[in-house]
Amino acid sequence: MSDISEKKRLFHEDVLLSNAVKDSLGSARSGRPIYKEGQQHDAFRDALKSELRNLAKHYSGVDVDDETHIERIRGLASDLTKVHAPILYGDEFRFGVAAKGLNVYLKHLWCGKPNLDIRPTHCPFDNNIIELLNPKGFERRWTYGEEKDYREWVRLANQTAAVEGYSNLSEWELDKWKP
């Protein structure tokens, strides 16, 4: 007999992963497109899921610093761009969308699977959160966000969270999140 609890865990993790991919790629329809028109994107979605699953392992039971987290987002965007550029709008997987994918997946794991001890470094930056931060002179749409914009969002969010008495961005964003 197989281990049912392990199968249940994997099922739950896969549902959370699918939701994170949908949140990061599907929501972008209201902003900048992800794919070139008429392109098949199943292989890209599968590759993104695989990368997110692998990256999440590095957040279990450890606090990841800002620079390491940003390097991982940069690597995610770069790796997927190298392989999938021909189907991607503008021939690239944007930093802001890669950040949203990783941060949403970590949030899902943090909220839904506390036994994994996932410790997200940052929060998902969507248009509502970015608007709360009111970044002056920086991009306000996460689908267009570059690394410099993301760094400013993180700086402003850390500053705001600290002033409001939160110990981390995940807790702050969860309190500010609007369904």
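The values are calculated or read from the model by the stated rules, or taken from the named source; none is laboratory data. For clarity, every value in this text was computed on a predicted model and none was experimentally measured. No Cβ is skipped: glycine too gets one built from the backbone with ideal geometry, and neighbour counts run over all protein chains shown.
Each residue in the stretch 152-166 was checked for being aliphatic (A, V, I, L, M) and either under 18 Å from the mean Cα position of the chain (by Cα) or buried (at least 17 other Cβ atoms within 10 Å of the Cβ) (or both), and 4 of them qualify. Do we have any residue at all in the stretch 106-128 that's more than 19 Å from Val64 (Cβ to Cβ), of a type in the set (A, V, I, L, M) and out of contact with any Leu (no Cβ under 8 Å at 6 or more places or on another chain)? The answer is no, given that none of the residues of the stretch 106-128 is more than 19 Å from Val64 (Cβ to Cβ), of a type in the set (A, V, I, L, M) and out of contact with any Leu (no Cβ under 8 Å at 6 or more places or on another chain). Within the stretch 137-151, being surrounded by fewer than 18 Cβ atoms within 10 Å (Cβ to Cβ) and at pLDDT 95 or above holds for Glu146, Glu147, Lys148, Arg151. Just one of the listed residues (Leu52, Leu25, Leu16) is assigned to a helix (DSSP H, G or I), under 14 Å from Ala98 (Cβ atoms), of a type in the set (A, V, I, L, M, F, W, C) and in contact with a helix residue (DSSP H, G or I) (Cβ under 6 Å, 6 or more places away or on another chain), and it is Leu52. Residues in the stretch 128-155 that are closer than 19 Å to Leu174 by Cβ and without any contact (Cβ under 8 Å) to a residue 60 or more places away in the chain: Asn128, Ile129, Ile130, Glu131, Leu132, Leu133, Trp153.
If only residues of the stretch 28-49 that are small (Gly, Ala, Ser) and in a helix (DSSP H, G or I) are counted, the one that is nearest to Trp142 (Cα to Cα) is Ala28.
Would you call Val97 buried (at least 16 other Cβ atoms within 10 Å of the Cβ), part of a helix (DSSP H, G or I), touching a residue at least 24 places away in the same chain (Cβ under 8 Å) and not charged (D, E, K, R)? Yes, satisfied.
Yes or no, residue by residue, for (1) out of contact with any Asp or Glu (no Cβ under 9 Å at 6 or more places or on another chain); (2) closer than 24 Å to Lys49 by Cβ:
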residue: Val64; (1), (2): yes, yes
residue: Thr68; (1), (2): yes, yes
residue: Arg72; (1), (2): yes, yes
residue: Arg94; (1), (2): no, yes
residue: Lys100; (1), (2): no, yes
residue: Asn134; (1), (2): yes, no
residue: Thr143; (1), (2): yes, yes
residue: Gln159; (1), (2): yes, no
residue: Ser167; (1), (2): yes, no
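From the list Asp65, Asp149, Asp117, the lone residue that is over 19 Å from Ser18 (Cα atoms) and in contact with a helix residue (DSSP H, G or I) (Cβ under 8 Å, 6 or more places away or on another chain) is Asp149.
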